[in-house]
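The values are calculated or read from the model by the stated rules, or taken from the named source; none is laboratory data. Bear in mind that the values here come from a model prediction, so they are computed numbers and not experimental data. Note that each Cβ is placed from the backbone with ideal geometry, even for glycine, and that neighbours are counted across all protein chains shown. For accessibility, only protein heavy atoms count, side chains too; no ligands or nucleic acids. Shrake-Rupley method; radii C 1.70, N 1.55, O 1.52, S 1.80 Å.
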Amino acid sequence: MKKRIGLIGGGQIGGNLALIAVQKQLGDVVLFDIPQVEGAIKGKALDINQLAAVDGYDARVTGTTDWKDVAGSDVVIITAGVPRKPGMSREDLLEVNLKIMRDVAANVKTHCPNAFVINIANPLDAMVYALYRITGFKKNQVVGMAGVLDTSRFKFFVADALKCSIRDVEALVLGGHGDDMVPLVRSATVGGIPLTALVDKEKLDAIIKRTREGGAELVALYKTGSAYFAPAASAMAIAESYLLDRKRILPCAAYLEGEYGIRGYFMGVPVQIGAGGVEKVIELALSPEEKAEMEKSSQSVKRTVDSVKI
Ligand SMILES: NC(=O)c1ccc[n+]([C@@H]2O[C@H](COP(=O)([O-])OP(=O)(O)OC[C@H]3O[C@@H](n4cnc5c(N)ncnc54)[C@H](O)[C@@H]3O)[C@@H](O)[C@H]2O)c1
């Protein structure tokens, strides 16, 4: 039977998630949004269905404002919420997006009790925590998308600096989805060669800075919202690994119970994603500097999450 992919929020990222899911033929898509934008959501669904006819994709998109249509989804991806505008931090979205998350999470719990749920809404680490607490889902069933995107930005900046194929860049960004995220320079490689052997410190520092500020760079360019193509592709990589039991190792915000010295919070760490959801948290031996950076990042995450009070 075809898989069902429930997308909660049919804005910029939601629309692109639908498009990518159809192009990858991962299953049928239900694009859900609020009644105020019913026309737009139905329009996006129809538009993508007509695109599917051009290339012969066997997947159907339904645009809806009725949670009943989302029921039974195998995977649910949440983008419902407001994006940043220039000058805003992700934390500035906390109040407005938490209100939306309370409504969305309660409905996910009711209508999709067995789904694997990926949150994208910001501030990421606090929203995924709220989602986890409100649904009461198992920890392997809930994940936040940030690390795949932050890592893809890091990889792109490396490939761009070296004028090399992005395929050969291997890297990992851990920590919270904020300015103190932790790009792991020590383990980054290009074609099997340590990155540190190919790029001088000055260039490397510039790459790290641009990675950390990668979201803000796009907010400043777009002016009306934040990035959406790469975030959609990043979340769909997680969904694909779940739906096809690929068992990929991807950096995701996962609920930690002592790993990396963190307990009771979601943080960006390498996890294995397969049919069992978050099947494994992979714990790396970090250098003292990396440990200190993880600690700093986790303090920022804790500050935001503790203000959520759920
Ligand atoms: N995790 C990441 O790496 C990452 C990257 C980029 C953006 N984001 C975040 O993703 C979120 C979505 O971004 P976007 O660009 O798609 O925004 P958008 O404004 O284009 O879309 C958000 C959609 O959510 C809908 N919505 C609002 N309340 C809802 C509800 N109760 N139920 C269902 N839908 C509801 C809105 O109507 C809108 O269509 C933002 O919070 C943004 O900050 C996260």
Review point. Among the residues of region 108-135, how many are within 8 Å of the ligand (Cβ to nearest atom) and farther than 19 Å from Val219 by Cβ?
Key: 1
**Study point:** Considering residues of region 103-148 that are among the charged types (D, E, K, R) and assigned to a helix (DSSP H, G or I) only, the residue least open to solvent (accessible area, probe 1.4 Å)
**Key:** Asp125
Point to revise | Meets criteria (under 15 Å from Val173 (Cβ atoms), touching a Pro at 6+ places or on another chain (Cβ under 8 Å) and surrounded by fewer than 16 Cβ atoms within 10 Å (Cβ to Cβ)) for Ile249 | key: yes
Check your understanding: Do we have any residue at all in region 85-105 that's near the ligand (Cβ under 10 Å from one of its atoms) and under 16 Å from Ala235 (Cα atoms)?
Key -> no
Practice item. Could you tell me whether region 179-191 includes any residue that is more than 23 Å from Ala130 (Cβ to Cβ) and assigned to a helix (DSSP H, G or I)? Key: no
Exercise for review: Looking only at region 149-171, count how many residues are crowded, with 24+ Cβ neighbours inside 10 Å, within 16 Å of the ligand (Cβ to nearest atom) and not hydroxyl-bearing (Ser, Thr, Tyr).
Suggested key: 4
Check your understanding: For region 65-84, how many residues are hydroxyl-bearing (Ser, Thr, Tyr) and more than 8 Å from the ligand (Cβ to nearest atom)?
Key -> 2
Practice item. Only one of these is open to solvent by less than 30 Å² (accessible area, probe 1.4 Å), over 24 Å from Thr304 (Cβ atoms), within 16 Å of the ligand (Cβ to nearest atom) and touching a residue at least 24 places away in the same chain (Cβ under 8 Å): Ala254, Ala237. Name it. Key: Ala237
Practice item. Answer yes or no: is there a residue in region 42-59 that is open to solvent by 40 Å² or more (accessible area, probe 1.4 Å), in contact (Cβ under 8 Å) with a residue 12 or more places away in the chain, more than 10 Å from the ligand (Cβ to nearest atom) and assigned to a loop (DSSP other than H, G, I, E, B). Key: yes
